[in-house]
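The values are calculated or read from the model by the stated rules, or taken from the named source; none is laboratory data. From a predicted model like this one, the values you see are computed outputs, not experimental measurements. Please note: Cβ atoms are built from the backbone with ideal geometry, for glycine as well, and neighbour counts cover all protein chains shown. Only protein heavy atoms, including side chains, enter the accessible area calculation; ligands, DNA and RNA are left aside. Shrake-Rupley method; radii C 1.70, N 1.55, O 1.52, S 1.80 Å.
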Amino acid sequence: MKKEILIYLTILIFASSLMHFEEFTSHFFQHIINLKTAGAYGLTYFHPFVFTFIIYIIILLPRIVIKKIFTYKINKK
């Protein structure tokens, strides 16, 4: 569970810094404060978490498939 939370937070920080690099380097705290008025697809201040969750699921699905394949191969031997 701790590993998954760490992966989620890493994706959140990485994606946020890529999407808003200019804002983070010039006025970080003002950008964080303005989240409550953000209008990203009507998600307001939840949009970083929603988009991060979508990216997390996209990354999680191949991880599950690969894990199942290797587990199947190991158990078959």
Open item on the list: Let me confirm the definition first: pairs of Lys residues in the chain, 8 or more apart or on different chains, C-alpha distance under 26 Å. How many are there?
Closed with: 9
TODO: Would you calculate, for the chain, the mean residue ellipticity at 222 nm contributed by helices, counting each DSSP H stretch of 4 or more residues as -39,500 (n - 2.57) and dividing by all residues, to the nearest 500?
DONE: -25500 deg cm²/dmol
TODO: Would you mind getting the accessible area per residue of the chain, heavy atoms of the protein chains only, 1.4 Å probe, in Å²?
DONE: 86 Å²
Task: Accessible area (Å², 1.4 Å probe, nearest 10) - His27 - done: 90 Å²
TODO: Please build a GNM for the chain, connecting alpha carbons under 10 Å apart, and tell me which residue among Phe51, Phe29, Phe14 fluctuates the most.
DONE: Phe29
Task: Heavy-atom accessible area ranking, 1.4 Å probe, most first, across Val65, Val50 - done: Val65, Val50
Open item on the list: Can you tell me the convex hull volume per residue for the chain, based on C-alpha atoms, in Å³ to the nearest whole number?
Closed with: 107 Å³
TODO: With a 1.4 Å probe and every protein chain kept in, tell me what percent of the accessible surface of the chain is carbon plus sulfur.
DONE: 75 percent
TODO: Whenever you get a sec, line up Phe49, Phe21 from highest to lowest accessible area (probe 1.4 Å, protein heavy atoms).
DONE: Phe21, Phe49
Open item on the list: Can you compute the modelled spin-label distance between Ile32 and Leu9, with each label point 7 Å from Cα toward Cβ, in nm?
Closed with: 1.3 nm
Open item on the list: What FRET efficiency comes out for Glu23 versus Met1 if R0 is 25 angstrom and r is the Cβ-Cβ distance? Round to the nearest 0.05.
Closed with: 0.20
- [ ] May I ask for the angle, rounded to the nearest 10°, between helix 47-76 and the longest principal axis of the chain, with both axes built from Cα atoms and the value confined to 0 to 90°?
- [x] 10 degrees
- [ ] Please give the helix 2-19 orientation as an angle from the longest Cα principal axis of the chain, in degrees from 0 to 90, rounded to the nearest 10.
- [x] 40 degrees
